[in-house]
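Below is one structure, written out as structure tokens; the observations come after it.
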Amino acid sequence: MTAPAIRCRGLVKRYPPDVLAVDGLDLEVARGECFGLLGPNGAGKTTTVEVLEGLLDPTAGDVEVLGRRWGTDAAALRARIGLTLQETHLPDRLTVREVVRMFRSLYPAGRHEDEVIRLVALEEKRDAWTERLSGGQRQRLAVATALVGDPELLFLDEPTTGLDPQSRRQLWDVVTGLKRQGRTVVLTTHYMDEAERLCDRVAIVDHGRVIALGTPAALVAAHVGEEVVEFTPGPGPGLDDAALAALPGVRGVRRAGEGFALVTEQLHLAVPALLAALDARGVTLAALSTHRATLEDVFMALTGRRLRD
Amino acid sequence: MTERHPPGALRQLVLARIRLFYREPSTVFWSFVFPLALTVALGIAFRSRPPEALGVGVVEGPGAGGVAAALVADRELRVERLGEAAAGAALRTGRVALVVQPGTPPLLRFDPTRPEGRLARAVAADLLERAAGRRDVVGPVPAPVTEPGSRYVDFLLPGLVGMNVMSTGMWGLGYVIVETRQKRLLKRMAATPMRRGHFLLSFAAVRALFLAIELPTLIGFGVLAFGVPLRGSLVALAVVAALGAAAFAGLGLLVASRARNTQTVSGLINAVMMPMMLLSGVFFSSANFPAALQPAIRGLPLTALNDGLRAVMIEGATLLQVAPQCLLLAAVAAGSFALALRIFRWS
Ligand SMILES: Nc1ncnc2c1ncn2[C@@H]1O[C@H](COP(=O)(O)OP(=O)(O)O)[C@@H](O)[C@H]1O
Ligand SMILES: [Mg+2]
């Protein structure tokens, strides 16, 4: 049996003097899996992947990548992984092809520059200086530099942050293509829709710890329920959580700002019951909406905060 | 679809460096155009002129004609006949170095703190004595020399070459490496299987290549346009310049080894270069500084480089004669490289 792509136990990273960026983190990523680290800004995602990438030394903990360790096998490992950093400024006045060719030359074996450029759909920009590329094109070029070494394991740190919706979708297509080829991908994001769409499994990270782990569907089912009903009462008498929780079909109640969020598996029971209860108490509605539960709701349920503020 | 036999990493890194260099007009300007322009400007400003005549004013009045006639006999003097007041004003403003008041004896008015004043007085007195019938006994024969090699431009050119080697090395390595670090590209490249030595070697190779262009351009220009002599061997010149380039590449790497942003490294580079530009004899001889400072000045790499270049170019020194300078430069290069590599920060 081959070793998992990543195995990491009790990872701690402290930045002197007093920042505890990663606080005892355990992870295991299987080969061929697309694994997401989902969490708000400052959760410790970048620090975690940079330790996994062998770019930062952990304060404590044990890291094994592709069955090897950075301390002893760094040179061999570098040739087998590809990565994009959260922010890299590639040289302004090199063309797309020159950048890819330079990175290709650094690997002992890999893919041809034209093939990689086609993979990230930058053929038309092949001879353009990188300073003339849009944000999305630059990010795809960064992914191209991660692919030239034909890596077994790929790390993408916030690949779509700051991109417009169309560029994000183009990048998702690239990642979906990589998944189809059976590559192991670890990506970090603070977009729950991205994690839900791309990742086979997700670790939700907060304050340097994994607070939930599983497939997106299982996480939602376990921590939230299928549907979420959000409503904001108008001015009038208050509502107590216990009464709402007792309504038929309601599995849980959370306060969300001015209003409430009810989680339920049976929308058809919960909504009429809620309306009847509000009516009976003479409470008017300022707003009412329902949506299918998402990882955002999981994060809310676990921390009481939103992923992005 | 795995493709083997990658194109050489070092070659690609060097190519990238060269492309980035010539696609950035400002770096081309500072390394090539600026030193040439400076040589032209300073060469013209300080070009050798025929010796300038000394102005002498003769105050109008009885006997003025005779005095003036005696003084115009010498081409070193430019004689003007002036009124009393005008003569005083001309002396004060420096238009004339000496005012002669005809009489018996004639009166010579000059400012003894000005060398031209004292010179004009001596020449004028000599001419007046001769005109009055003095016979010269010894009759020394003047033999003027204008030897190439002793003019200002001959002093200046090796200094500018040294300064250029210093600044292209310090900026070309120091600034560019920190800029690469600040853009997080250094970290990105360190995350590949790249041999880290190759990355640094690419900078050294590009420096050597540009030196092979800069140096002949600057020196060739000085030789052709100003007739600056090139008396020593080209090999000795190349060795001194290459060691100088290595020393300043090492110092550039050293200032870049920890700095996180380009402001910091710019400050460091200027702090290293400015004192040397003043002390190491670029524009004027470092002999002008007090004797107490001389040992420290001799220890500066730019002094060694400039002295070595001047000795080879102007005095025709052999490699053996500039061995002390070469050793100092080699030591600076080795020391700074070794230290820089120990403390270098890749992220
Ligand atoms: N070099 C550093 N020095 C000090 N603190 C840092 C450094 N890098 C990150 N941090 C801190 O560590 C925490 C985790 O940061 P990071 O791993 O970048 O989180 P994320 O990628 O999830 O946004 C944050 O509080 C951040 O401010
Ligand atoms: Mg991050």
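Among the trypsin sites (Lys or Arg not before Pro) in segment A:226-309, those located in a DSSP loop and surrounded by at most 15 other Cβ atoms within 10 Å of their own Cβ are A:305, A:306, A:308.
Shielding by partners for peptide A:98-111, expressed as the average number of C-beta atoms from other protein chains within 10 Å of each residue's C-beta, is 6.
Highest mean packing comes first when the peptides A:141-152, A:17-28 are listed by Cβ atoms within 10 Å, giving A:141-152, A:17-28. Relative to the 2.2 N^0.38 Å rule of thumb, segment A:101-230 has a C-alpha radius of gyration ratio of 1.20.
Directionally averaged projected area (segment B:209-253, Cα convex hull): 3.4 nm². Compactness of chain B was expressed as the Cα radius of gyration divided by 2.2 N^0.38 Å, which yields 1.43. The count of lysine pairs in the protein assembly as shown that are at least 8 places apart or cross chains, and whose C-alpha atoms lie under 29 Å apart, stands at 10.
Expressed as an acute angle from 0 to 90° and rounded to the nearest 10, what is the orientation of the C-alpha long axis of helix B:9-22 relative to the principal long axis of chain B? Between helix and principal axis, roughly 40 degrees. Mean partner shielding of peptide A:86-94, defined as the number of other chain Cβ atoms within 10 Å of each residue Cβ, is 5.
Hull volume per residue, based on the alpha-carbon atoms of segment B:138-211 and their convex hull, is 99 Å³.
Note on chain B: GNM, Cα springs under 10 Å; of B:40, B:137, B:72, the largest mean-square fluctuation is that of B:137. Could you work out how far helix B:196-226 tilts from the main Cα principal axis of chain B, as a 0 to 90 degree angle to the nearest 10? Between helix and principal axis, roughly 20 degrees. Close amide H pairs (under 5 Å, H built 1.01 Å from N) link residue B:82 with B:58, B:59, B:60, residues at least 5 positions away or on another chain.
Remark: mean inter-chain Cβ contacts per residue of B:340-347 equal 1, using a 10 Å Cβ-Cβ cutoff to other protein chain atoms.
Remark: relative contact order (chain B) = 20 percent; criterion is Cα-Cα distance under 8 angstrom and separation of 6 or more residues.
In chain B, the calculated helix contribution to ellipticity at 222 nm averages -19500 deg cm²/dmol per residue, counting -39,500 (n - 2.57) for every DSSP H run with n ≥ 4.
Using the Karplus relation 6.51 cos²θ - 1.76 cosθ + 1.60 with θ = phi - 60°, the per-residue 3J(HN,Hα) values for segment B:80-96 come to 10, 9, 10, x, 3, 5, 4, 4, x, 5, 4, 5, 5, 7, x, 5, 10 Hz, with x marking Gly and Pro.
Distance between the pseudo-spin-label points of residue B:346 and residue A:303 (7 Å out from Cα toward the beta carbon): 3.1 nm.
The trypsin sites (Lys or Arg not before Pro) of segment B:216-300 that meet both conditions, a loop assignment by DSSP and at most 12 other Cβ atoms within 10 Å of the site Cβ, are B:260. Each listed q (0.12, 0.19, 0.23, 0.25 Å⁻¹) maps to a log10 I(q)/I(0) for segment B:54-131 from the Debye sum over equal C-alpha point scatterers, namely -0.25, -0.67, -1.01, -1.21.
P(r) for the protein assembly as shown, from all Cα pairs and a bin width of 20 Å, is 15, 30, 24, 15, 11, 5, 1 %, short bins first. At q = 0.11, 0.19, 0.22 Å⁻¹, what base-10 log of I(q)/I(0) does the Debye formula yield for segment A:225-292 when every alpha carbon is treated as an equal point scatterer in vacuo? These q points yield log10 I(q)/I(0) values of -0.21, -0.64, -0.89. The charge dipole of chain B, taken about its Cα centre with unit charges on the Cβ atoms of Lys, Arg (+1), Asp and Glu (-1) only, comes to about 1940 debye.
For chain B, find the longest principal axis of its Cα atoms and tell me its angle to the long axis of helix B:234-256, 0 to 90°, nearest 10. So the inclination is approximately 60 degrees. Counting every C-alpha pair in segment A:6-215, the share spaced more than 24 angstrom apart comes to 40%. Note that segment B:125-137 has calculated 3J(HN,Hα) couplings of 4, 4, 5, 5, 4, 4, 4, 7, x, 5, 9, 7, 8 Hz, one per residue in order, obtained from phi through the Karplus relation 6.51 cos²θ - 1.76 cosθ + 1.60 (θ = phi - 60°); glycine and proline are x. Could you tell me how far the Cα centroid of segment A:14-63 sits from the Cα centroid of segment A:233-271, in Å? Computed from Cα coordinates, the inter-centre distance equals 37 Å. Using the rule -39500 (n - 2.57) for each DSSP H run of four or more residues, divided by the residues of chain A, the 222 nm mean residue ellipticity is -10500 deg cm²/dmol. Our coupling estimate for segment B:64-76, obtained by passing each phi through the Karplus curve with A = 6.51, B = -1.76, C = 1.60 and θ = phi - 60°, is 5, x, x, 4, 4, 4, 5, 6, 5, 4, 10, 6, 6 Hz, Gly and Pro reported as x.
Per residue, the average separation of C-alpha pairs within less than 8 Å and at least 6 apart gives segment A:6-215 a relative contact order of 31 percent. For segment A:120-183, the relative contact order is 36 percent, taking Cα pairs closer than 8 Å that sit 6 or more residues apart in sequence and dividing their mean separation by the residue count.
Quick note: the coordinates plus some simple rules give every number you see, no bench work behind them. From a predicted model like this one, the values you see are computed outputs, not experimental measurements. All Cβ positions, glycine included, derive from the backbone under ideal geometry; neighbour counts span all protein chains shown.
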